[in-house]
Amino acid sequence: MFQTFKEWFWLERFWLPPTIKWSDLEDHDGLVFVKPSHLYMTIPYAFVLLVIRHFFEKFIAMPLAKAFGIKEEVRKKIIPNTILENFFKCSTRQPSQADIYGLAKKCNLTERQVERWFRSRRNQERPCRMKRFQEACWRFTFYLIMTVAGIVFLYDKPWVYDLWEVWNGYPRQPLLPSQYWYYILEMSFYWSLIFSFGSDVKRKDFLAHVIHHLAAISLMSFSWCANYIRSGTLVMIVHDVADIWLESAKMFSYAGWKQTCNVLFFIFSAIFFISRLVVFPFWILYCTLILPLHYLEPFFSYIFLNLQLMVLQALHLYWCYFILKMLKRCIFMKDTHDVRSDDEDGYEEDEEEEEEEEEEATKGKERDCLKNGLGANRHLILNGQHGR
């Protein structure tokens with residue numbers, strides 16, 4: 001059954017233009033062509049990147065964060081409570097007032113103590129600024145390296161300047177070593193991001209990131225197997241060139257350099273809009289959707305490739321909404337911190353910190369009241385003693 005499915009899956013009509021066979025893409029005369037088996041290496045390379053990332057974050061990103069003044073946060077230890085812990089894990093992290101009242105009765109605590117326990121428990125799961133800086137630093141470094149590598153790999157390629165060359169001789173286009181490493185490293189990186197989802201900071205747009213990474217891997221895998229390598233390299237460089245600015249903006253945001261962060265974010269926004277909403281639809285999609293029709297009749301892989309690219313463009317529009325929302329807050333509300341957290345993670349960090357500050361202020365007032373009261377009492381006592 002597996003062999004039957006394999007033969008059906010790799011039928012030429014699904015992957016190649018009519019009249020083209022897999023035998024036409026066999027290596028010959030020193031020319032190497034893409035093979036699906038090449039993609040197996042992306043998985044071990046992904047684990048290699050995870051190992052590199054571990055040492056990078058420990059020996060480069062962490063010292064860099066400390067140089068920026070980011071300190072490792074020490075979380076307050078909470079008093080263990082089985083009833084509250086089970087409710088936190090099994091029911092909700094944000095109990096209602098009725099839940100707090102019931103839990104307070106069960107645990108023989110005051111409602112205020114239950115509220116404080118849940119707030120402290122949420123804070124324990126809130127990712128620290130150091131961890132977020134390390135993740136952003138790793139992504140920034142990789143995107144920067146791949147952007148530079150992509151420019152080096154592509155600057156002398158004719159299809160970068162003349163889109164007709166993307167389809168010249170398709171699909172009998174040999175694989176270049178630079179194309180091999182560009183593709184394999186990009187795919188390995190996205191696999192590594194998927195493998196690290198469980199340990200990375202969870203964001204509000206977590207699902208969108210999962211869809212994006214899976215769509216990117218699916219798109220790159222399909223374009224590799226169908227030998228859409230030339231158009232694939234153009235898609236990758238268009239995406240990488242904007243991402244480095246976003247990650248650098250995040251790094252400076254975590255470091256507290258708000259003005260630098262805002263400048264970098266505005267640069268990112270401009271490059272994002274140009275690369276994802278102008279270059280991608282009017283250059284990349286034009287290249288993959290319109291130009292092939294001058295060479296070939298529509299076939300399955302041509303349709304499937306463009307469907308995936310359109311899904312990617314839909315994600316661009318989705319993120320465009322959030323970027324515009326951030327820009328609106330930055331420009332008109334001057335609320336840069338909330339802007340970052342809106343896109344960064346699903347934890348109510350600012351609210352938690354404000355509650356802690358309010359609690360500390362309340363405690364301070366209580367202490368002052370006690371001191372003032374005690375001072376007044378002492379004064380009365382002394383007066384009484386003097387009267388006696």
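The values are calculated or read from the model by the stated rules, or taken from the named source; none is laboratory data. Note that the coordinates shown come from a computational prediction; the quantities given were computed from them, not determined experimentally. Counting neighbours? That spans all protein chains shown, and the Cβs are built from the backbone with ideal geometry, glycine included. With ligands, DNA and RNA removed, areas are computed over all heavy atoms of the protein, side chains included. Shrake-Rupley method; radii C 1.70, N 1.55, O 1.52, S 1.80 Å.
Specify the residue that is farthest from T147 (Cα to Cα); the eligible residues are those in the stretch 243-274 that are among the polar types (S, T, N, Q) and within 18 Å of the chain's Cα centre (by Cα).
Among those that are among the polar types (S, T, N, Q) and within 18 Å of the chain's Cα centre (by Cα), it is S253.
Of the numbered conditions (1) among the hydrophobic types (A, V, I, L, M, F, W, C); (2) farther than 21 Å from I229 by Cβ; (3) open to solvent by 20 Å² or more (accessible area, probe 1.4 Å), F265 satisfies every one except a single condition; which is it?
With respect to (1) among the hydrophobic types (A, V, I, L, M, F, W, C); (2) farther than 21 Å from I229 by Cβ; (3) open to solvent by 20 Å² or more (accessible area, probe 1.4 Å), F265 is out only on (3).
Can you name every residue in the stretch 125-166 that is outside any helix (DSSP H, G or I) and under 23 Å from S188 (Cβ atoms)?
Scanning the stretch 125-166 gives a single hit, K157.
Are any of the residues in the stretch 227-242 open to solvent by less than 10 Å² (accessible area, probe 1.4 Å), under 14 Å from T147 (Cα atoms), hydroxyl-bearing (S, T, Y) and touching a residue at least 12 places away in the same chain (Cβ under 8 Å)?
yes
Just one of the numbered conditions (1) under 30 Å from P17 (Cα atoms); (2) modelled with pLDDT of 95 or more is not true of M310; which one?
(2)
Testing I78 on (1) surrounded by fewer than 18 Cβ atoms within 10 Å (Cβ to Cβ); (2) touching a helix residue (DSSP H, G or I) at 6+ places or on another chain (Cβ under 7 Å); (3) part of a helix (DSSP H, G or I), one condition comes back false. Which one is that?
(3)
Please count how many residues of the stretch 92-119 are of a type in the set (S, T, N, Q) and surrounded by 12 or more Cβ atoms within 10 Å (Cβ to Cβ).
Looking only at that region, the number is 1.
Just name the residue that is farthest from I52 (Cα to Cα) out of those in the stretch 162-202 that are surrounded by fewer than 17 Cβ atoms within 10 Å (Cβ to Cβ) and of a type in the set (S, T, N, Q).
N168
If we keep just the residues of the stretch 250-290 that are of a type in the set (G, A, S) and assigned to a helix (DSSP H, G or I), which is nearest to T233 (Cα to Cα)?
Filtering the stretch 250-290 for residues that are of a type in the set (G, A, S) and assigned to a helix (DSSP H, G or I), the one nearest to T233 (Cα to Cα) comes out as S275.
Suppose we filter K71, K21 for residues that are closer than 29 Å to L193 by Cβ and either free of Cβ contacts under 8 Å to residues at least 24 places away in the same chain or open to solvent by 60 Å² or more (accessible area, probe 1.4 Å) (or both); which single one remains?
K71
In this structure, does M220 turn out to be touching a residue at least 24 places away in the same chain (Cβ under 8 Å), closer than 24 Å to F197 by Cβ and touching a Gly at 6+ places or on another chain (Cβ under 7 Å)? Show your work before the answer.
Working: touching a residue at least 24 places away in the same chain (Cβ under 8 Å): yes; closer than 24 Å to F197 by Cβ: yes; touching a Gly at 6+ places or on another chain (Cβ under 7 Å): yes.
Spelling it out, M220 is indeed touching a residue at least 24 places away in the same chain (Cβ under 8 Å), closer than 24 Å to F197 by Cβ and touching a Gly at 6+ places or on another chain (Cβ under 7 Å).
For the stretch 1-56, which residues satisfy the criterion of being assigned to a helix (DSSP H, G or I) and among the aliphatic types (A, V, I, L, M)?
The answer is L25, L39, M41, I43, A46, V48, L49, L50, V51, I52.
Is the stretch 84-95 home to any residue that is touching a Cys at 6+ places or on another chain (Cβ under 8 Å) and closer than 28 Å to P127 by Cα?
The answer is yes; a qualifying residue exists.
Looking at the stretch 27-44, which of its residues are closer than 17 Å to P171 by Cα, out of contact with any helix residue (DSSP H, G or I) (no Cβ under 6 Å at 6 or more places or on another chain) and surrounded by 11 or more Cβ atoms within 10 Å (Cβ to Cβ)?
D27, L31, V32, K35
Evaluate the following for I151: is it of a type in the set (V, I, T) and touching a residue at least 12 places away in the same chain (Cβ under 8 Å)?
Against the criterion (of a type in the set (V, I, T) and touching a residue at least 12 places away in the same chain (Cβ under 8 Å)), I151 qualifies.
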